[in-house]
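Let me begin by presenting the structure, written as structure tokens, before commenting on it.
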Amino acid sequence: MIYIEDNILDFNLDDALNQLTEQRREQALRFKHELGQRQCAASFLLLKKAIKKEYGIEVSPIFKYQEGGKPVMGNLPDIHFNISHCRTAVAVAIGNKPVGIDIESIRPFKDPLARHVLNDGEYATVIASERPDIEFIKLWTRKEALLKYTGEGIRRDLKSVLDDSLPITTIVDEAKGFIYSYIL
């Protein structure tokens, strides 16, 4: 299941920090800027909401990290999750099997970045589109969602990442200014 919270700039940060576990509060406060603290707090609270709604569990998750850095819930090992955030929103994917999600703000297209992470066919598709900014971010979120699904993270050549055999869903929300992709 997918959960999106798009008002992370509007909530009271102090109240949100008080609702976090000590582990997550310490992690949030390590961010120098308020935006990072908001994203960290909002994603944890959204994960708690998802766990409660999907499984009826009200316990706060305690994170552990796999060898590649992918977080898992040490106290809820049968529930798989993935978190992502952008400037104005956070996203959570949750399920009974591995999941992956990425959310990105729509921003101006940058050709050098596109050439670095896209293969020739992907690059041609982006350049030929009416909205290269959106087409690029769609591909980027698909790649990152897949790498988070596998637990690899961004550790390999991004030009060869996408696998058409996996069902990756991509949602463009121009009104809210973001795009997200997920694998459930």
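The values are calculated or read from the model by the stated rules, or taken from the named source; none is laboratory data. Here the structure is a predicted model, which means the values were calculated and not measured. Positions of Cβ are generated from backbone atoms using ideal geometry, with glycine treated the same way; all protein chains shown enter the neighbour counts. Areas reflect the complete protein model, heavy atoms only, side chains present, ligands, DNA and RNA absent. Shrake-Rupley method; radii C 1.70, N 1.55, O 1.52, S 1.80 Å.
Annotations for the structure displayed:
- Residue in segment 102-117 that is out of contact with any strand residue (DSSP E or B) (no Cβ under 9 Å at 6 or more places or on another chain) and touching a residue at least 40 places away in the same chain (Cβ under 8 Å) present: yes
- Single condition Y55 does not satisfy, out of (1) out of contact with any strand residue (DSSP E or B) (no Cβ under 8 Å at 6 or more places or on another chain); (2) exposed (fewer than 13 other Cβ atoms within 10 Å of the Cβ): (2)
- Tabulated pairs, segment 8-20, first over 22 Å from E58 (Cβ atoms), second open to solvent by 90 Å² or more (accessible area, probe 1.4 Å), C-beta under 8 angstrom, 6+ apart or interchain: L13/E34
- Taking helices (runs of 4 or more DSSP H) as the structural unit, those lying wholly within segment 96-175 and holding at least 1 residues that are under 30 Å from L47 (Cβ atoms) and modelled with pLDDT of 90 or more correspond to 111-117, 132-150.
- Which listed residue, of I154, I134, is surrounded by 14 or more Cβ atoms within 10 Å (Cβ to Cβ) and either over 19 Å from I2 (Cβ atoms) or not charged (D, E, K, R) (or both): I134
- Residue check for H33: open to solvent by 70 Å² or more (accessible area, probe 1.4 Å), within 16 Å of the chain's Cα centre (by Cα) and under 23 Å from K176 (Cα atoms): no
- Note on segment 20-34: among residues that are out of contact with any strand residue (DSSP E or B) (no Cβ under 9 Å at 6 or more places or on another chain) and in a helix (DSSP H, G or I), the one that is nearest to T88 (Cα to Cα) is E34.
- Condition check for I4: outside any helix (DSSP H, G or I), touching a residue at least 24 places away in the same chain (Cβ under 8 Å) and surrounded by fewer than 19 Cβ atoms within 10 Å (Cβ to Cβ): yes
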